[in-house]
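To keep things clear, I will list the structure first and then write my remarks on it.
The values are calculated or read from the model by the stated rules, or taken from the named source; none is laboratory data. What you see is a predicted model, and the numbers here were worked out from it, not measured in a lab. Heads up, the Cβs are rebuilt from the backbone with ideal geometry, glycines too, and the neighbour counts pull from every protein chain shown. For accessibility, only protein heavy atoms count, side chains too; no ligands or nucleic acids. Shrake-Rupley method; radii C 1.70, N 1.55, O 1.52, S 1.80 Å.
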Amino acid sequence: MAHPTQLGFQDAASPVMEELLHFHDHALMIVFLISALVLYIIIAMVSTKLTNKFILDSQEIEIVWTILPAVILVMIALPSLRILYLMDEISDPHLTIKAMGHQWYWSYEYTDYEDLNFDAYMMPTQDLTPGQFRLLETDHRVVIPVESPIRILVSAEDVLHSWAVPSMGVKMDAVPGRLNQTAIFTSRPGAYYGQCSEICGANHSFMPIVIEAVPLPQFETWSAYQLDLA
């Protein structure tokens, strides 16, 4: 959960998000080193009056400043591609959930169950209880078992939406007429908040997402209760 004055990312709640945080630190360190080198060169050029005639026309220097950026790009590209494949890999999911975007709420369907589906609207401020977050709480949470691979099918019924949960490293566009898929794997129990990340209309900022990860026995109890209600 993000908090005021927070500068970094939210704490990772999935292995993919942990990898994304590591890659962010890796890339940021490369950017810092490049920035420091460029700043040093600028200061040196401005402050010194000396001129080395071998720098003005040197094949060795041209080779270095051609090869070095290529090496740096490879150092960034390889871990980036690895994470890209990790995020795209969906193998043997234990549960499939279909998330459908509407103006302006989400509807969910647990496709492995015959009659388990619901709509998730944002909770009005006057209905919030102590401990709930304004503009982030929904009247129905998406309950999933912890430490289980979950496949999320994402689409929309009207306009473009985007199903995003930052702490899980998930952001998938919901496109009308197209079924996109992504995967989540929760490392620990808890409630994780997200929002629609596409400017989809007047109430774009009022489409929150709440995922509640619980132990498997508790999930089975919840699903049985929801089926009884249906």
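For the condition closer than 29 Å to P189 by Cβ and either open to solvent by 70 Å² or more (accessible area, probe 1.4 Å) or part of a helix (DSSP H, G or I) (or both), what is the one hit in I61, I97, I83? Lay out the reasoning, then the answer.
Values: I61 fails: closer than 29 Å to P189 by Cβ; I97 fails: either open to solvent by 70 Å² or more (accessible area, probe 1.4 Å) or part of a helix (DSSP H, G or I) (or both).
Result of the check over I61, I97, I83: I83.
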Scope the range 199-230; condition buried (at least 18 other Cβ atoms within 10 Å of the Cβ) and at pLDDT below 90; matching residues: C200
Top-ranked residue in the range 17-41 [being aliphatic (A, V, I, L, M) and open to solvent by 90 Å² or more (accessible area, probe 1.4 Å); ranked as nearest to M168 (Cα to Cα)]: M29
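May I ask you to say which residue of S155, S167, S187, S148 is outside any helix (DSSP H, G or I) and crowded, with 20+ Cβ neighbours inside 10 Å? Quick ask: steps written out before the conclusion?
Details: S167 fails: outside any helix (DSSP H, G or I); S187 fails: crowded, with 20+ Cβ neighbours inside 10 Å; S148 fails: crowded, with 20+ Cβ neighbours inside 10 Å.
It is S155.
Name the residues in the range 96-122 that are among the aliphatic types (A, V, I, L, M) and under 24 Å from P145 (Cβ atoms), would you?
Restricting attention to the range 96-122, the residues satisfying the condition of being among the aliphatic types (A, V, I, L, M) are 97, 99-100, 116, 120, 122.
Scanning the range 96-122 gives I97, A99, M100, L116, A120.
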